[in-house]
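Have a look at the structure below, then the notes.
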Amino acid sequence: MKPLNVIMESLRKMGENFLSHLPQIVFGCILLLITWGIGRGVDFVLMRVLPRFHLRRSLQELFRQLSYIGIWIVGILASAIVMFPSLTPGKVLTAIGLGSIAIGFAFKDIFENFIAGMLILLREPFQLKDYIECEEIEGFVEDITIRDTHIRQTDGQRVVVPNAKLFKNPVTVRTDLDRRRVTIMCGVAYGEDVDKARDVIAHAVQGLDTIDKEKDIQVFAQAFGASSIDFEVTWWTGSKPVDIRQSRDKVVAAVKKGLDDAGIEIPFPYRTLTFKEPLKTVMEHADQEKAQVDSQPDT
């Protein structure tokens, strides 16, 4: 048989096989379209129904995503069995089991982030719009997905953080409560009265509108500084970064004005220099030169 005839015979058999399996292929594609429609429909229904159960938004998103993924897995398996009749559910499950081991090693990081995302969404250690910090990454939580979390920093940049990083490392949720405690240090000169300075500082801070009036303002003399008696001033204000900055700005200005009005010195750093030999002042040096000139005989 000529090579051309062999090629033509092979193409004819492939065409006959394709035509014989064409109805199954078409039906499998139809199943994929039906799966797509069911997935969109279920997602639409869950989007309308889940809020009625007063579930957290993160849980609603998790249920929607898991439902959508589950529907597609079932649809793809059904389409594969229809397109390839030799495949049975047992063979498919066996292939999935063997393939999952190789896929697990190949995509370890992806599955790690996926599991971590599910746990974060279920446990909800932080919520959307929370201000968090994790290993030098600091900002507002903008979005939480199955794989990663989007954090918007205060300078406007967005950081996409893998969920495994947030799950395995300590996360500080700065806006977990509506109020945060803020502390600044203030120094007064050693010659000033400590009790009077404490009262002046407390009175200056009490009248500010950024201070939480329901919590005490604490002013303590903390330490003997290099040039001053150091006071620790503590108060409560809003938990957002802008609240902290605004409140600190007003407290510093109020304390400075209060101490100035009371005539209490906020000292500059003092330095005392000690020399082994006595130093001569400019006047002493000038007097010595003048004495030397006077002692010389006239010519």
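Here, each number is a calculation from the coordinates, and none is a lab measurement. Treat the numbers as computed from the prediction; the structure is a model and nothing was measured. Backbone-built Cβ (ideal geometry, glycine too); neighbour counts: all protein chains shown.
The string of couplings for the stretch 158-166 from the Karplus curve (6.51, -1.76, 1.60, θ = phi - 60°) is 9, 10, 9, 10, x, 4, 4, 5, 6 Hz, one whole number per residue in order, with x for Gly and Pro. Under 5 Å between amide hydrogens, built in the peptide plane, is the criterion, and for ALA223 it picks out ASP230 among residues at least 5 positions away or on other chains. Its Cα centre serving as origin, the stretch 133-238 has a Cβ charge dipole (Lys and Arg +1, Asp and Glu -1) of approximately 340 debye. How would the stretch 179-261 be classified by its alpha-carbon gyration tensor: rounded, prolate or oblate, with rounded meaning a/c under 1.5 and the a/b versus b/c comparison settling the rest? The shape class here is prolate.
Of the cross-linked pairs LYS129/LYS165; LYS108/LYS129; LYS129/LYS215, those separated by over 22 Å at the C-alpha level are LYS108/LYS129; LYS129/LYS215.
Within a 10 angstrom radius of the beta carbon, how do HIS54, HIS203 rank from fewest other beta carbons to most?
Working: HIS54 6, HIS203 15.
Fewest-to-most ranking of HIS54, HIS203: HIS54, HIS203.
The trypsin sites (Lys or Arg not before Pro) found in the stretch 185-221 that occupy coil by DSSP, while having at most 12 further C-beta atoms within 10 Å, are LYS213. Compared with the direct C-alpha span, the chain from VAL42 to LYS276 gains 75.4 nm at full extension, assuming 0.36 nm per residue.
For VAL252 and LEU119, a Förster radius of 35 Å and the Cβ-Cβ distance give a FRET efficiency of 0.25, rounded to the nearest 0.05.
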